[in-house]
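The values are calculated or read from the model by the stated rules, or taken from the named source; none is laboratory data. Values in this document were obtained by computation on a predicted structure and should not be read as measured data. Glycine also receives a Cβ, built like all others from the backbone with ideal geometry; neighbour counts cover every protein chain displayed.
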Amino acid sequence: MFNRIFGALAVTVSLLAAVACSGHDPTTDELPEGDGYLETVTVTMSSKLETFAPVLLGDAMGEYERENIRIKYAIARPSDGLVTLSTGKSDVQLTGPTASFFNAVAGGSDIKAVAAGASGNSQSQQGIWVRKDLLGGRAFDASVLEGERVSSAIGTGAQISLVINDELEQVGLDINSIEFQQTGSADILLALQSGATNAGWLVDPFWQEAEASGCCVFGFGVPEDQPGSVVLFGPRLLNEDRELGERFLRAYHRTIENHLLGEYHQNANVMDVVSETTGTPLDVLSKSPSLKFPQSLEISGEYMRDLQEVYARTPNVLGYKHTLSDGEVLDTTLSGAAK
C-alpha cells in the first residue's frame, strides 16, 4: 500500500525500506529523528510532580530523545493508571507500590516494578501533619493518632501505610489503630486548616503552607532508605520490547546522574525546567529541600515483602493469601542493563 501511494517519492520508499530492515513497524507513530526514530512511550502519573522529575526533566532536557524515545503523558488516578498499564494502553506508571499493584499482579496482570523513585529526605517535612488542637500543647507522639481518621491522597492501601505502621508500633499500636480517608492532596490541607480532619499526609508544596499557617505540627515522614515512588512497566516494555525498556531506564538513570544529584535546587537551569514542567512556581520550589533520587535504581525485595505484610493486616485490602515473591513483583535485570 505504501509503495502504491508514495511510489513517486524515492526518499520515502528508501525510508520505509530502512524501517522494514530495522524491524520497526511503519504503521506506528514513529517519526524520523536524525538517523533513528522516536518511539512513543506512554507514561502515566497522578500529576506532574517534582518527584517524577527523572521523566519530566529528562524529557524536557532531551535525555529520552537521545534514546530515540518520545514521551506521551497520561494523567490519571493511581488505580486507573494500573488498569491502563495492565491492559497495555500505557507503558510506564510512576506511582507508589500500593495494595492495588500487588492485587493486580496476584490477579495475573503482567506488570512489575523496575526502578525506584525519590526517597525520603530528612530535611523535608512531607508526611504526617496533625492539628495543634489534637496535641493539646504536647509534643507530637504517634499515640495521638489512635482512633483518628488520617487523610491521604490514596487512602487505604497506600505505601505510606508501612511508614505509619512503623511509627505506631513504637508506641504499641499498629496500622489498624487508625482509619484512612481518601482525599485530594490540596483538599487535605484545607481539611486540616478548617478542622475537618485532625491528621493528614501532606506532600510538596502543601506542607509548607501548613507550616506557614501555624495550624498544624509535623509528625514524621518517609525514611531516607525507603522509596517514595517506583517505576512500573507493563507488558510492552517487560516482554514485547525489553530493549526499549532498557533505553527508557537508561535515560531515567542518566537524568538523575546528570541533573538530580545533591543540591540540585541550587542549579538555576534545572529548577527553571522543573518549575516549567510541573507548573510549580520557583518561589514555592525554593522553600523545600532537594529530593533524593537513587543512583542504583534498585528496589529492595524486603521492602516489597514488608509492604505486603502491612497491607495484609487490614481485612480486605489484599485479595490473596500468600506473599508474592520478589520475582513476581520486581524485574531487576532491566535497570541493571540500563546503566
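What the table below lists for this structure:
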read-out: First in segment 294-310 and closer than 13 Å to I160 by Cα and assigned by TED's automatic domain parsing to the domain that holds A99, second anywhere and of a type outside the set (G, A, S) and assigned to a loop (DSSP other than H, G, I, E, B), Cβ under 6 Å, 6 or more apart; value: L307/P97; Q308/T323
read-out: Test: residue in segment 185-193 that is aliphatic (A, V, I, L, M), in a strand (DSSP E or B) and at pLDDT 90 or above; value: no
read-out: Filtered residue count, segment 265-281, keeping only those that are surrounded by fewer than 18 Cβ atoms within 10 Å (Cβ to Cβ), under 14 Å from M61 (Cβ atoms) and under 20 Å from the mean Cα position of the chain (by Cα); value: 2
read-out: Test: E257 is within 19 Å of the chain's Cα centre (by Cα), surrounded by fewer than 19 Cβ atoms within 10 Å (Cβ to Cβ) and farther than 24 Å from F101 by Cα; value: yes
read-out: N176, sole failed condition from (1) under 25 Å from the mean Cα position of the chain (by Cα); (2) under 30 Å from I111 (Cα atoms); (3) not charged (D, E, K, R); value: (1)
read-out: Qualifying helices (runs of 4 or more DSSP H) (wholly inside segment 42-161; at least 3 residues being at pLDDT 95 or above and assigned by TED's automatic domain parsing to the domain that holds G279); value: 53-60, 78-86, 99-106
read-out: Selection within segment 194-206 - within 21 Å of the chain's Cα centre (by Cα) and either modelled with pLDDT of 90 or more or not in a helix (DSSP H, G or I) (or both); value: G200, W201, L202, V203, D204, P205
read-out: Count - residues of segment 135-165 that are out of contact with any strand residue (DSSP E or B) (no Cβ under 9 Å at 6 or more places or on another chain) and touching a residue at least 40 places away in the same chain (Cβ under 8 Å); value: 2
read-out: Subset of segment 231-289 [part of a helix (DSSP H, G or I), touching a residue at least 60 places away in the same chain (Cβ under 8 Å) and either charged (D, E, K, R) or assigned by TED's automatic domain parsing to the domain that holds E209 (or both)]; value: R236, R242, E246, R247, R250, R254, E276
